[in-house]
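Colleague: Provided herewith is a single structure, encoded as C-alpha cells, for subsequent inquiry.
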Amino acid sequence: MQRRSALHTFFNGGALSSEFCDADTYLLRAAKFHGEPAPSPCPVCGDLGFVTVTYVYGDELGPYSGRVRQSDELGAMATQFGRFKVYVVEVCQRCHWNYLTKSYVLGDGVPRRALPASRDLMEA
C-alpha cells in the first residue's frame, strides 16, 4: 500500500524523480550481478529487466551480515541461524527506481555464536 502511495505521488507530480529513482551505485551493481527477475516490469519506466535484490542482516551472520543472498538460499539459512532479518528491494537498472518491498525475520529461534571472519578477511 505504501508502494502504491509512493507511485501515486511520483506520477502526480508530488515528488521529484530524484526522490524515488535514486538507486545507489552499490545497489545497482548488486542488481546487475545478483538480482532475481521481478514478476512484473518496472512501475516507473516499464523496463522488463526489473529485479529484486535480497539482503540478509543479523549478528549471528558475523562478517556475512549485509550480504546479498538468492531467495532460494533463505530456507536453508533459516535452519542454520537462530534469527536474521531479510530485506527485499526492487530495483530498475534503467531508471534507478528502488523500493524496499518486504522485510521479515527468519531463523529457527536457537541462538548461536556469530560466524567467525574468514582467514583472508582477517589478514586484509
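Colleague: Given segment 62-101, what whole percent of its Cα pairs are spread farther than 11 Å?
Modeller: That tail contains 72 percent of the Cα-Cα pairs.
Colleague: Between Ala76 and His34, what length in nm is gained on full extension when 0.36 nm per residue of separation is reduced by their alpha carbon distance?
Modeller: Numbers: separation 42, 0.36 × 42 = 15.12 nm, distance 1.83 nm.
Here the answer is 13.3 nm.
Colleague: Would you mind ranking Leu27, Leu48, Leu115 so that the residue whose beta carbon has the fewest other beta carbons within 10 Å leads the list?
Modeller: Numbers: Leu27 19, Leu48 10, Leu115 16.
So the ranking, lowest neighbour count to highest, is Leu48, Leu115, Leu27.
Colleague: Among Val44, Gly66, Tyr55, whose Cα lies farthest out toward the positive end of the dipole of segment 32-74, if unit charges sit on the beta carbon of Lys, Arg (+1) and Asp, Glu (-1)?
Modeller: The Cα lying farthest towards the positive end belongs to Val44.
Only the coordinates and a few stated rules stand behind these numbers; no lab work does. These figures come from a predicted structure and were not determined experimentally. With ideal geometry, Cβ positions are generated from the backbone for all residues, glycine too; neighbour counts draw on all protein chains shown.
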